[in-house]
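Chemist: Dropping a structure here in structure tokens format, bear with me for questions.
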Amino acid sequence: MYRKVYQWGTGYSNRPGTSLEPVILPERNPGVGEVRIRVTACGVCRTDLHVVDGELAAAALPIIPGHEIVGRVDALGEGVTHLKLGQRVGVPWLGYTCGVCIFCTMGRENLCDRPLFTGYTRDGGYATSVIADARYTFDLGEGGDDASLAPLLCAGLIGWRSLVMAGDGQLLGLYGFGAAAHALSDGAGERARIAHLRDHFEMALKQAIPETVIFGVTQDRLCSTSCFAVPGLAAETALIGLDLDGVAMSSGSTCSSGKVAVSHVLAAMGVADSLAAGGLRASFGWSSTMEDVAAAVASLVKLRERAPQRSKDPQGSLGKSEAA
Ligand SMILES: [Zn+2]
Ligand SMILES: [Zn+2]
């Protein structure tokens with residue numbers, strides 16, 4: 001039994017921007033906790049283009065891209081009981097997590113310290129078949145055609161998660177270079193209050209750490225977000241843990257784990273790598289208060305003070321995988 005895959009990174013596809021190379025490989029059998037899926041459709045995400053443009057930190061080559069996989073289970077590995085042969089399933093970008101790191105045990109496995117990403121650090125869906133971790137293989141039911149379901153496995157999944165997390169009647173911001181950005185609000189008063197918090201945050205941060213760079217102040221922007229960089233402070237995993245009650249901080253821009261070394265969005269905006277490496281986003285919402293803003297600034301000051309020590313750490317995040 002054989003499978004046909006479309007891979008990037010070896011043969012004639014060994015340079016950024018080259019087309020994928022079709023290759024015939026022996027079929028694989030699923031291991032413990034895995035399934036084999038006969039692929040019927042696989043979407044193309046911007047991240048796939050980052051992969052073939054060589055813009056993501058080196059993963060083992062060749063790479064079989066594709067992380068919006070739709071298909072039918074055609075072999076079950078040992079211990080898989082919740083999926084059936086012939087079942088229509090989908091596989092997203094996050095294809096494996098360790099289950100034991102601090103983020104996994106908190107139920108925030110999207111921030112796992114040792115994740116594998118479909119179509120990047122594990123085989124993706126531009127193939128006739130793929131082996132997937134059964135924990136990251138989702139039942140799709142029988143409604144809708146395969147091709148139109150595929151984009152739901154990345155863009156759809158992220159959008160839906162954000163919508164659910166936003167709750168009822170709250171402020172919702174949609175970002176993206178690929179899609180138009182919309183801001184929905186249930187009231188101008190609330191919007192003004194949040195914009196005031198954001199401006200206060202930026203002013204307080206500038207005062208505390210004068211070399212802070214705030215991005216986008218000369219453009220229209222969402223009232224609920226501030227993008228900034230503190231020179232000397234890399235956007236690290238530690239910062240993602242800086243999730244205060246009312247001010248959430250994240251580094252980079254990602255459809256995956258949030259662990260981005262250099263934000264490709266900031267790079268596309270023309271922000272120098274040295275700053276983009278420290279690019280962070282603070283998000284303010286209906287529950288944010290002045291106290292949260294003060295706590296967020298204090299945390300950043302503390303991290304800044306500790307930054308020189310951390311930069312000597314060879315395991316620092318700049319060596320970690322980048323994912324868009
Ligand atoms: Zn994607
Ligand atoms: Zn983990």
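The values are calculated or read from the model by the stated rules, or taken from the named source; none is laboratory data. Fair warning: this is a prediction, and the values are worked out from it, not measured in the lab. Every residue, glycine as well, gets a Cβ built from its backbone with ideal geometry; the counts of neighbours run over all protein chains shown.
Chemist: Within region 149-157, can one find any residue that is more than 15 Å from ligand 1 (Cβ to nearest atom), assigned by TED's automatic domain parsing to the domain that holds Glu21, of a type outside the set (Lys, Arg) and in contact (Cβ under 8 Å) with a residue 24 or more places away in the chain?
Modeler: No: zero hits.
Chemist: What's the number of the condition Arg114 fails, among (1) in contact (Cβ under 8 Å) with a residue 60 or more places away in the chain; (2) in a loop (DSSP other than H, G, I, E, B); (3) more than 23 Å from Thr128 (Cα to Cα)?
Modeler: Failing condition for Arg114: (1).
Chemist: Look at Arg108 and say whether it is over 25 Å from Gly9 (Cα atoms), more than 16 Å from ligand 2 (Cβ to nearest atom), among the charged types (D, E, K, R) and surrounded by fewer than 22 Cβ atoms within 10 Å (Cβ to Cβ).
Modeler: Criteria not met by Arg108.
Chemist: From the list Gly31, Gly66, Gly54, Gly17, which one is away from ligand 1 (no atom under 16 Å from the Cβ), of a type outside the set (Asp, Glu) and under 19 Å from Leu94 (Cβ atoms)?
Modeler: Gly31
Chemist: Identify the residue in region 57-103 that is within 16 Å of ligand 2 (Cβ to nearest atom) and farther than 29 Å from Leu20 by Cα and, among all such residues, is farthest from the chain's Cα centre (by Cα).
Modeler: If we take residues in region 57-103 being within 16 Å of ligand 2 (Cβ to nearest atom) and farther than 29 Å from Leu20 by Cα, then Val100 is farthest from the chain's Cα centre (by Cα).
Chemist: Return the residues of region 203-224 that are within 18 Å of Ala294 (Cβ to Cβ) and basic (Lys, Arg); say none if nothing qualifies.
Modeler: Lys206
Chemist: Being of a type in the set (S, T, N, Q), more than 15 Å from ligand 2 (Cβ to nearest atom) and within 21 Å of the chain's Cα centre (by Cα): is that true of Thr128 here?
Modeler: So Thr128 fails the test.
Each row is one residue, and each column tells you yes or no for (1) surrounded by fewer than 14 Cβ atoms within 10 Å (Cβ to Cβ); (2) in contact with a Cys (Cβ under 7 Å, 6 or more places away or on another chain); (3) not in a helix (DSSP H, G or I).
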residue	(1), (2), (3)
Gly71	no, no, yes
Val80	no, no, yes
Leu85	yes, no, yes
Val89	no, no, yes
Gly99	yes, no, yes
Cys104	no, yes, no
Ala150	no, yes, no
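Chemist: So which residues in region 1-36 are within 13 Å of Gly119 (Cβ to Cβ) and assigned to a strand (DSSP E or B), if there are any at all?
Modeler: Val5, Tyr6, Gln7, Trp8
Chemist: Here is a follow-up. Given (1) in a loop (DSSP other than H, G, I, E, B); (2) closer than 20 Å to Arg3 by Cβ; (3) modelled with pLDDT of 90 or more, identify the lone condition not met by Ala60.
Modeler: Unmet condition: (3).
Chemist: In region 27-51, which residues are more than 19 Å from Phe138 (Cα to Cα) and surrounded by 21 or more Cβ atoms within 10 Å (Cβ to Cβ)?
Modeler: Matches in region 27-51: Thr47, Asp48, Val51.
Chemist: Consider Gly95 carefully, then state whether it is touching a Lys or Arg at 6+ places or on another chain (Cβ under 8 Å) and either within 14 Å of ligand 1 (Cβ to nearest atom) or outside any loop (DSSP other than H, G, I, E, B) (or both).
Modeler: Here the answer is yes, as Gly95 does meet what is asked.
Chemist: Residues that are out of contact with any helix residue (DSSP H, G or I) (no Cβ under 7 Å at 6 or more places or on another chain) and either surrounded by fewer than 15 Cβ atoms within 10 Å (Cβ to Cβ) or modelled with pLDDT under 80 (or both): find the strands (runs of 3 or more DSSP E) completely inside region 152-255 holding 3 or more of those.
Modeler: Per the criteria, 182-184.
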